[in-house]
Structures are given as C-alpha cells and as structure tokens.
Amino acid sequence: MNNGLESRIIRLLEEIHPLDRIPRAGYVLRGVPEPESVAAHSHFVALLTLLVCDAYPGQFDRDKALTMAIMHDLAEARLMDIPMPAGDAYLKEAKREAEQAIFEGLLSGFPPRYAVYHQELLDAASPEARLIRGLDKVQMMIKIVMYQKEGRGRLAEFWNNQKNFADFGVEPVSRLFDAICSHAGKTRPH
C-alpha cells in the first residue's frame, strides 16, 4: 500500500462503523422489532448484484455494479437512514446533495471513480446504476416477505406503493419483482 493508504482505510472503516447498528428506518416506523441494519441491507444488495450480473453475462459491467452496490449506502453512516416517504416529500434534492457530499468526504483520497459512480447511481445514469437502484428495492421487498412470514411489523402498505417496485427499466429487476409477487401471492402495483 502507498501514500498513507492504510491510514485512509482505517479512517474510512472507523467512519462507517455505525452502519451495522443503524436500523432501516422504514421498518422501525412500521413496528418491526430488530430490523436489518443498513450494513446488512448493503450486503444483500451486493449479493443480489453478483447473482444478477452472473446470470446476465455481458449485460452489466460487473466490477462497476458491485462497487456501486457495496458503497451505495455509505453516506448513511453520517446521514442515517431516512425513510422514503419523508425523504421524497421533504428532502429529495437536499438529501441527494448531502449524500454525495458525505460520500465524497468519506472516500477522499481514494480513487475518484468511486465518487463518479456514486453520482451516477444517484442519477440512475447507467445500466449498472439502474440495476442497483432496482435491486435496492428488490431487496427491500424480499425483506418485506420475510418479515411478514415472521409476523413482524405492519407492512401491508409496501405492496400498494408502486415506487417500491421501481425496476428502472431493467428486465432482470422486473422479473425479480414479478417472482417476489408470485411467491407472496400478491399483485404487483402498476
């Protein structure tokens, strides 16, 4: 390693350390006891990304998509997890700007492509960005299925919100949403 990289890595991991204890706020608001953490969510999104990229070879830049998936919620170490309804209604642009600024601060001294990928993700500006944006929702809906099977929380409203099924025009994501709905015996809202 070079030029203080070790120190930058340690600093970054110290700063994102809270992610394994920050609960996903949307679940907390709906009474889910001990919901998944932001770190657990990010892990599952990365796993989904790996599986989809391998299932659809050549459709996505696997390295870029995995990088986006692993890093997509790092800013929440400082910003926390702001649930979608509140974030969309009151903070949309401010939240996006804050996420990008926090991300750039966290990854200062690392390859600039990380900040470029993050902005691309926020803008849904590439096939990989749209894939990750969609898989972020796919993971959430799979988690809804699991929590409902366990009788945890008041989650029925998730099935009625079309935004929870945003596939960003990505066929593999759309197919996953259809499979989730079929598995849960639900109709996908349009």
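Yes or no: residue 20 under 24 Å from residue 120 (Cβ atoms) and surrounded by fewer than 20 Cβ atoms within 10 Å (Cβ to Cβ)?
no
In the stretch 1-44, which residue that is hydroxyl-bearing (Ser, Thr, Tyr) and under 16 Å from the mean Cα position of the chain (by Cα) is farthest from residue 155 (Cα to Cα)?
Filtering the stretch 1-44 for residues that are hydroxyl-bearing (Ser, Thr, Tyr) and under 16 Å from the mean Cα position of the chain (by Cα), the one farthest from residue 155 (Cα to Cα) comes out as 42.
Of the conditions (1) out of contact with any Cys (no Cβ under 7 Å at 6 or more places or on another chain); (2) assigned to a loop (DSSP other than H, G, I, E, B); (3) farther than 24 Å from residue 148 by Cα; (4) not hydroxyl-bearing (Ser, Thr, Tyr), residue 60 fails just one. Which one is it?
The number of the failed condition is (1).
Only one of 155, 121 is buried (at least 17 other Cβ atoms within 10 Å of the Cβ), of a type in the set (A, V, I, L, M, F, W, C) and over 26 Å from residue 63 (Cα atoms); which?
Only one candidate qualifies: 155.
If you scan the stretch 146-170, which residues turn out to be in a helix (DSSP H, G or I), touching a residue at least 12 places away in the same chain (Cβ under 8 Å) and either within 19 Å of the chain's Cα centre (by Cα) or closer than 24 Å to residue 52 by Cα (or both)?
Residues satisfying the conditions are 147, 158, 159, 162, 163, 164, 165.
Select from the stretch 23-47 the residues that are outside any helix (DSSP H, G or I) and exposed (fewer than 15 other Cβ atoms within 10 Å of the Cβ) and list them in ascending order.
Once the filter is applied, which keeps residues that are outside any helix (DSSP H, G or I) and exposed (fewer than 15 other Cβ atoms within 10 Å of the Cβ), the stretch 23-47 yields 31, 33, 34.
In the stretch 4-63, how many residues are among the hydroxyl-bearing types (Ser, Thr, Tyr), under 20 Å from residue 129 (Cα atoms) and touching a residue at least 40 places away in the same chain (Cβ under 8 Å)?
Of the residues in that region, 2 qualify.
Which number in (1) within 29 Å of residue 11 (Cβ to Cβ); (2) surrounded by fewer than 19 Cβ atoms within 10 Å (Cβ to Cβ); (3) within 16 Å of the chain's Cα centre (by Cα) marks the one condition that residue 116 misses?
(3)
For residue 139, are the conditions met, namely being modelled with pLDDT of 95 or more, more than 15 Å from the chain's Cα centre (by Cα) and not β-branched (Val, Ile, Thr)?
no
Based on what the data block shows, is residue 84 in contact with an Asp or Glu (Cβ under 7 Å, 6 or more places away or on another chain) and under 19 Å from residue 129 (Cα atoms)?
No.
Only residues that are assigned to a helix (DSSP H, G or I), closer than 22 Å to residue 28 by Cα and acidic (Asp, Glu): list them for the stretch 64-112, please.
76, 88, 99
The values are calculated or read from the model by the stated rules, or taken from the named source; none is laboratory data. Computed from a prediction, not measured in an experiment: that's the story for all the values here. Heads up, the Cβs are rebuilt from the backbone with ideal geometry, glycines too, and the neighbour counts pull from every protein chain shown.
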